[in-house]
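These notes concern the structure reproduced below.
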Amino acid sequence: MTAQRCDGTELVQDRILDAAEELVCTRGIAGFTLDGVARAAGVSKGGLLYHFRSKDSLISGMQRRMASRLAETLREAKAGSVPVLQAFVRHLRRDYERGGRSFAPLLLAREREEPCEELQALTACIAREGGHGDGNGSTLLLLAALGLMLSSLARLPLPEHASDLLDELEAAAGRIG
């Protein structure tokens, strides 16, 4: 019975987090309200607050899930001897091609004083593992990749050949790694 309850709780939390990401991507930060997330997730506001005590807690949950998914991608890359920076660019490409939804929590960064610890640790890991400050352009590559991803989230005009740009970023990441 307890295992079913845990699975049910995780399913509801995932549904809430999915709805929150969708709402941020479609309505922007101003449209990101607890009432709106609850409606989109098909739960009551009380149900949402049962799983996430506040808007801040919901944003932390979104950031934690994003960090967890990206960390898993990077662990798999390391296990397969793929350079971390290259795996990161590949992850950005997949997300970009799917509409940029998984990085929606980054749009809410200003809503919290600090990102969750998992996200801070993951960012430090990407910079460290990617050769941050090594003189090979890894910092510039990382910033370019992040800029492309944030542009897609913010719906800024992207280069006509975004796929070509992602190819170049991935190739450069492979050379650096």
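The values are calculated or read from the model by the stated rules, or taken from the named source; none is laboratory data. Since the structure is predicted, the reported quantities are computational estimates derived from the model, not experimental observations. Cβ sites come from the backbone with ideal geometry, for glycine too, and all protein chains shown count toward neighbours. The protein model used for the area step is the full one, side chains on, heavy atoms only, and it has no ligands, DNA or RNA in it. Shrake-Rupley method; radii C 1.70, N 1.55, O 1.52, S 1.80 Å.
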Selected residue [closer than 25 Å to A172 by Cα, open to solvent by 60 Å² or more (accessible area, probe 1.4 Å) and free of Cβ contacts under 8 Å to residues at least 60 places away in the same chain] from E97, E117, E113: E97
Residue list for the stretch 66-92, restricted to those being surrounded by 20 or more Cβ atoms within 10 Å (Cβ to Cβ) and closer than 30 Å to L34 by Cα: M66, A67, L70, H91, L92
Criterion violated by R128 - all others in (1) open to solvent by 60 Å² or more (accessible area, probe 1.4 Å); (2) modelled with pLDDT of 70 or more; (3) basic (K, R) satisfied: (2)
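Looking only at the stretch 15-29, how many residues end up being in a helix (DSSP H, G or I) and either β-branched (V, I, T) or free of Cβ contacts under 8 Å to residues at least 40 places away in the same chain (or both)?
Going residue by residue through the stretch 15-29, those that are in a helix (DSSP H, G or I) are 15-27.
Then drop every residue that is not either β-branched (V, I, T) or free of Cβ contacts under 8 Å to residues at least 40 places away in the same chain (or both), which leaves 15-16, 18-19, 23-24, 26-27.
Final tally of qualifying residues: 8.
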